[in-house]
Amino acid sequence: MLGILVVVAALVVGVIAAGIIIVQHERNSRSAAPLTAATIAATGPELPGTAYVPPAPTAPPAAPVDPQVAALNSLRGQADADQPYVSANLAERWVPQLSAKQNGLVAADVDGRMVNWTNSEILAQNQRLRQQYPGARLVSSDDWSTFDLQGWWITLAGATFTDPDSANAWCDAQAIPADECFAKLVSNSRGSAGSTKYR
């Protein structure tokens with residue numbers, strides 16, 4: 001009998017304790033600010049009273065860059081960077097012209113392979129020629145009056161001469177095909193007539 005009373009007393013104490021916990025929880029819930037849409041907007045979806053750090057804004061994805069436009073920009077940048085050197089050291093002198101290419105030109109490369117010359121191909125060829133012939137520079141036909149056609153990219157050797165025959169002799173010594181290397185006078189003080197001499 002005493003055992004039953006102990007069990008009943010323990011159950012009563014447990015029920016009373018649970019009731020107190022539930023009542024206390026209800027009081028705490030009523031005293032806290034209600035979680036409204038405005039509260040969530042101001043503090044984020046975290047619990048009220050916690051610090052909310054808004055997410056960093058994300059930049060929109062970058063538009064894909066057309067490789068031909070990028071190559072054209074690189075060609076223009078290279079010609080602009082080379083122009084002071086060309087003006088100071090190559091202009092008004094005969095120089096070996098190593099290459100003249102325009103975007104869309106279909107022509108053979110030095111190996112005889114037919115190439116549809118794109119801006120990327122022209123840029124790559126200029127970089128190869130610069131490595132092969134130290135001092136080589138890039139010019140745009142748009143920047144110099146001795147070029148008739150617009151939109152051409154020309155690679156010039158860094159060697160300079162007082163006459164066209166010496167420039168052509170340089171091409172012969174390098175064993176560069178005659179249609180790739182010939183004497184050119186780069187100038188803005190004269191026209192194109194007489195500014196080119198082929199081998």
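The values are calculated or read from the model by the stated rules, or taken from the named source; none is laboratory data. Because the structure is predicted, anything quoted here is derived from the model rather than measured. When we count neighbours, we look across all protein chains shown, and the Cβ atoms used for this are built from the backbone with ideal geometry, even at glycine.
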Within the range 114-143, residues over 21 Å from Q174 (Cβ atoms), assigned to a helix (DSSP H, G or I), over 20 Å from the mean Cα position of the chain (by Cα) and without any contact (Cβ under 8 Å) to a residue 60 or more places away in the chain come out as S141, D142
Practice prompt. Would you check if A178 is more than 23 Å from L72 (Cα to Cα) and in a loop (DSSP other than H, G, I, E, B)?
Written response: yes
Any residue in the range 97-113 that is part of a strand (DSSP E or B), among the β-branched types (V, I, T) and surrounded by fewer than 20 Cβ atoms within 10 Å (Cβ to Cβ)? yes
| task | Kindly establish whether A41 is more than 29 Å from R199 (Cα to Cα) and either outside any loop (DSSP other than H, G, I, E, B) or at pLDDT 95 or above (or both). | result | yes
